[in-house]
Amino acid sequence: ILNVEQSPQSLHVQEGDSTNFTCSFPSSNFYALHWYRWETAKSPEALFVMTLNGDEKKKGRISATLNTKEGYSYLYIKGSQPEDSATYLCAPTTGTASKLTFGTGTRLQVTL
Amino acid sequence: GAVVSQHPSWVICKSGTSVKIECRSLDFQATTMFWYRQFPKQSLMLMATSNEGSKATYEQGVEKDKFLINHASLTLSTLTVTSAHPEDSSFYICSAPTSSLQETQYFGPGTRLLVL
């Protein structure tokens, strides 16, 4: 079982603030790193799938970086909006079997 | 993106009864689906991998006779919690990967089960 840690557990920011959080995972046998956004009462939504060391992906105001050698990924949100309020989950995989091992997530709340 | 539905969204049952949860891929075919469980304040934990036309693969510590999985078609997997007990009360959620190389997984909205 992979040990996946996410920090912080929760975060409360004001509209317009930029923020970031961390996902740490074992660097051995790494295949891919998935990021999901999970809003209350909805299905988790895939944000990024990253595979290469140094990868950087962007989707609107959200971006993510990946360091496979040291086993971490950062997720950044620029100019947070209330609609960004959600739990952000990361999950590494160790092969093409698609088995995701999730961290406990970072719960983000953005207020006006 | 691809859509996965799950039914029911919540269910309350008496101890000893069986509960069936359906997971459907609506606009794509899925030879593999995954079933996860989440207890309060914990992460999503993989229970089993559902394989179309063959037996499911269970994770360590998950009882296959308690959590019956059937993947009868390329768009439907079912999870049956047999003889449910209060400790089975949890949030159950399924996912299905698309056929793309990076295998993004699409999740259903989940089923909250309460066993009295």
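In the range B:20-35, which residues are of a type in the set (Gly, Ala, Ser) and more than 10 Å from B:GLY108 (Cβ to Cβ)?
Result: B:ALA30, single match.
If a residue must be more than 16 Å from B:VAL3 (Cβ to Cβ), in contact with a Phe, Trp or Tyr (Cβ under 9 Å, 6 or more places away or on another chain) and either surrounded by fewer than 14 Cβ atoms within 10 Å (Cβ to Cβ) or not polar (S, T, N, Q) (or both), how many such residues does the range A:26-37 contain?
4
Which of the residues that make up the range A:26-38 are modelled with pLDDT under 95 and either part of a loop (DSSP other than H, G, I, E, B) or in contact with an Asp or Glu (Cβ under 6 Å, 6 or more places away or on another chain) (or both)?
A:PRO26, A:SER27, A:SER28, A:ASN29, A:PHE30, A:TYR31
Restricting the range A:85-100 to residues that are touching a residue at least 12 places away in the same chain (Cβ under 8 Å) and surrounded by fewer than 20 Cβ atoms within 10 Å (Cβ to Cβ), which is nearest to the other protein chains (Cβ to nearest Cβ)? Quick ask: steps written out before the conclusion?
Residues of the range A:85-100 that are touching a residue at least 12 places away in the same chain (Cβ under 8 Å), as a first pass: A:85-96, A:100.
Now drop any that are not surrounded by fewer than 20 Cβ atoms within 10 Å (Cβ to Cβ), which leaves A:85, A:87, A:94-96.
Numbers: A:SER85: 18, A:THR87: 10, A:THR94: 13, A:GLY95: 10, A:THR96: 7 Å.
Among residues in the range A:85-100 that are touching a residue at least 12 places away in the same chain (Cβ under 8 Å) and surrounded by fewer than 20 Cβ atoms within 10 Å (Cβ to Cβ), the one nearest to the other protein chains (Cβ to nearest Cβ) is A:THR96.
Quick one: B:SER15 ticks every box in (1) in contact with a helix residue (DSSP H, G or I) (Cβ under 8 Å, 6 or more places away or on another chain); (2) surrounded by 15 or more Cβ atoms within 10 Å (Cβ to Cβ); (3) of a type outside the set (Phe, Trp, Tyr) bar one, so which box is it?
Evaluating B:SER15 over (1) in contact with a helix residue (DSSP H, G or I) (Cβ under 8 Å, 6 or more places away or on another chain); (2) surrounded by 15 or more Cβ atoms within 10 Å (Cβ to Cβ); (3) of a type outside the set (Phe, Trp, Tyr) leaves (2) as the failure.
When residues of the range B:1-58 are filtered for being modelled with pLDDT of 95 or more and of a type in the set (Asp, Glu), how many remain?
Summing the residues that are modelled with pLDDT of 95 or more and of a type in the set (Asp, Glu) in the range B:1-58 gives 1.
Give the range A:6-25 a look and list any residue that's of a type in the set (A, V, I, L, M, F, W, C), assigned to a strand (DSSP E or B) and under 20 Å from A:GLY54 (Cα atoms), or say none.
Residues satisfying the conditions are A:PHE21, A:CYS23.
B:THR80: surrounded by 13 or more Cβ atoms within 10 Å (Cβ to Cβ), under 17 Å from A:SER43 (Cβ atoms) and of a type in the set (S, T, N, Q), yes or no?
no
Over 20 Å from B:ALA2 (Cα atoms) and at pLDDT 95 or above: does that describe A:LEU89?
Judged against the criteria, A:LEU89 is not a match.
For the range A:5-52, which residues satisfy the criterion of being within 9 Å of another protein chain (Cβ to nearest Cβ) and closer than 22 Å to B:GLN42 by Cβ?
Selection gives A:GLN6, A:HIS34, A:TYR36, A:TRP38, A:ALA41, A:LYS42, A:SER43, A:PRO44, A:GLU45, A:ALA46.
Under the condition of being charged (D, E, K, R) and within 14 Å of A:PHE25 (Cβ to Cβ), which residue from the range A:56-78 is surrounded by the most Cβ atoms within 10 Å (Cβ to Cβ)?
Here the answer is A:LYS69.
Could you list, in sequence order, the residues of the range B:2-50 that are at positive phi and at the interface with another protein chain (Cβ under 9 Å from one of its Cβ atoms)?
Selection gives B:LYS41 alone.
Exactly one condition in (1) buried (at least 22 other Cβ atoms within 10 Å of the Cβ); (2) within 14 Å of chain A (Cβ to nearest Cβ); (3) not hydroxyl-bearing (Ser, Thr, Tyr) is not met by B:GLN60; state its number.
Status for B:GLN60: all satisfied but (1).
Scan (1) within 14 Å of chain A (Cβ to nearest Cβ); (2) under 16 Å from B:GLN29 (Cβ atoms); (3) outside any strand (DSSP E or B) for the single condition B:ALA96 breaks and write down its number.
(3)
The values are calculated or read from the model by the stated rules, or taken from the named source; none is laboratory data. As the structure is a computational prediction, the values presented were derived from the model and not from experiment. Cβ sites come from the backbone with ideal geometry, for glycine too, and all protein chains shown count toward neighbours.
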